[in-house]
Every structure is written in structure tokens, then in C-alpha cells.
Amino acid sequence: MQLIYNKITYKVWGKNAMFADPITKLGGELCTYQVPTYEALRGITEAIYWKPTIKWIIDRVKILNPIQTESKNIKLRKLEKNECDLYRYTYLKDVAYIVDAHFEWDDDRPDLAQDRDEYKHSNIAKRYLSKGGKRDIFLGKRECVGYAKECDFDGEAGYYADRQEINFGVMFHSFIYPTSKSDKLIANLSQVVMRNGVIQFERPEECKLSRVVSNQEYQPTATGLDFVDLDILQQKGGD
């Protein structure tokens, strides 16, 4: 079934962002990608609104501000020791993006079929977006606080609108999480190209580069009845 009212467009911005390149995590010092990953934008969208009935698909993102980085010294406490190590983190600076996303029904949750009300989820998502999101928004890491508001995708010109093409190479794209006991956690990679300031994303299942990253076991989630009960409690106690 093709949905009609399942799309949101929002602007998200912040002082700093950290979309960490996995290669830099090996030594403890982090360096950000130049642009946000699909997985990071999916996390931001789910912070605005999410229910297990739906899954968010990120269609495209517009880069509004020039890409700038800044490095900071970070002190991290050692486990079980009263000592700190000094690390160097490289963040994006003064970021702003416009994101196009839409939701689809999660076919792995047939027990929630009774909750597949397109108008309800669309209206709730837009209501939370008008309030800046249901949960706190972080741009990659918790110290990178973000803010979101509804907007029109073509309502603001991006800094790179006149640059026909910029190739960022192969980047981490997304995770595909196990949905049955035979599935594994899969990491997707993709070639990221920005054209006129806009990045069009592949869907996770369309990525041609992927690998199994762990033998993470499938953890069954709660039943649809449990979520219905939770909804009732939320309605009684407010949002």
C-alpha cells in the first residue's frame, strides 16, 4: 500500500556535530565525516517521532552551511581508575541541514497491524516536530545538541547550491538489525556524492557494500498488546 501523508521535511542545526568515521574509533580519538550519515539522520528523525509500527527512510539531505571542522581536547576518565586520558576530537562546526524523510510500515511487526493508521502517525510526527521533537536531538554525539523545526526543502538555498558535484568517497551508511534468530547485524557502506548541495541516499537494502559486523543475537521485542497498553498509559498521563 502506497502511503500519501507519510513525509516530513525539517531543518536541523547545531553548534557542533560528530558523525564519526569508524576508522578513527580504533585509537580512541574521533574524527567526523564531512557530512551526516544516513544512520545519523535516521536517529535524529526517530528522536523527533518513532513508534515500532513504522520505520523511517531518509530520502535526501541538503547541506546549508559551509563544511568547517574544529578540534577539541577531551578528557575521558579511565575505568576503575581515578585518572584521565587526553584525546583529540575533530567536530563539524556550525552545521545546518534540511532533511526529507518518510515512514513506511515495519513489515517485521505484523502484530502491530492494528496500529497502521497513516493519518495518526503523520499528525503526531508533525505535532512533535512543531515542538522541536519528542526526545532530545543529538548530532552524532551527546555533547552535540541539535534543534529541529519543520520547513520546506526548497525554502532555503544551500552553500553548495552552485557546486555541481562533490564526491566524499565510500562512507558508512547504516545498520541492518537482525529481525530473526538466523539474522546478523549488518553494516552498510555506500558512495556518497553531493550534487548542487544535496545528497540523495540509497535505501539500506539497496547498498551494494555491506558486511556482518557481529553475531549479535536477535532479541524479541514486546508484543503489540504491550504497546497498546503503553499508549493507554501515555494518554492518561499525557505525552
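The values are calculated or read from the model by the stated rules, or taken from the named source; none is laboratory data. Bear in mind that the values here come from a model prediction, so they are computed numbers and not experimental data. Glycine also receives a Cβ, built like all others from the backbone with ideal geometry; neighbour counts cover every protein chain displayed.
Tabulated data
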| read-out | value |
| --- | --- |
| Answer residue from the stretch 48-83, given it is aliphatic (A, V, I, L, M) and in a loop (DSSP other than H, G, I, E, B) and is modelled with the lowest pLDDT among those | Leu79 |
| Test: Ile8 is among the β-branched types (Val, Ile, Thr) and assigned to a loop (DSSP other than H, G, I, E, B) | no |
| Check on Tyr119, among the hydroxyl-bearing types (Ser, Thr, Tyr) and in contact with a Pro (Cβ under 8 Å, 6 or more places away or on another chain) | no |
| Qualifying residue in the stretch 72-79 (condition: closer than 27 Å to Tyr177 by Cα and not hydrophobic (A, V, I, L, M, F, W, C)) | no |
| Selection from the stretch 139-151 of residues that are closer than 24 Å to Tyr91 by Cα and surrounded by 13 or more Cβ atoms within 10 Å (Cβ to Cβ) | Leu139, Gly140, Lys141, Glu143, Cys144, Val145, Gly146, Tyr147, Ala148, Lys149 |
| Among (1) in contact (Cβ under 8 Å) with a residue 12 or more places away in the chain; (2) surrounded by fewer than 19 Cβ atoms within 10 Å (Cβ to Cβ), the one test that Asp154 misses | (1) |
| Qualifying positions in the stretch 1-45 - surrounded by fewer than 19 Cβ atoms within 10 Å (Cβ to Cβ), out of contact with any Asp or Glu (no Cβ under 8 Å at 6 or more places or on another chain) and either charged (D, E, K, R) or over 16 Å from Glu143 (Cβ atoms) (or both) | Met1, Gln2, Asp21, Pro22, Ile23, Thr24, Lys25, Leu26, Gly27, Glu29, Gln34, Glu39 |
| Residue satisfying all of: in the stretch 84-119; in a strand (DSSP E or B) and aromatic (Phe, Trp, Tyr); modelled with the lowest pLDDT among these | Tyr87 |
| Qualifying residues in the stretch 57-89 (those that are over 20 Å from Tyr159 (Cβ atoms) and of a type in the set (S, T, N, Q)) - the one surrounded by the fewest Cβ atoms within 10 Å (Cβ to Cβ) | Asn82 |
| The stretch 90-128, subset of a type in the set (D, E, K, R) and under 28 Å from Met194 (Cα atoms), residue surrounded by the most Cβ atoms within 10 Å (Cβ to Cβ) | Asp100 |
| Out of Val193, Val212, sole residue that is under 17 Å from Ile63 (Cβ atoms), outside any helix (DSSP H, G or I) and modelled with pLDDT of 80 or more | Val193 |
| Within the stretch 157-187, tally of residues that are closer than 22 Å to Ile63 by Cα and surrounded by 15 or more Cβ atoms within 10 Å (Cβ to Cβ) | 7 |
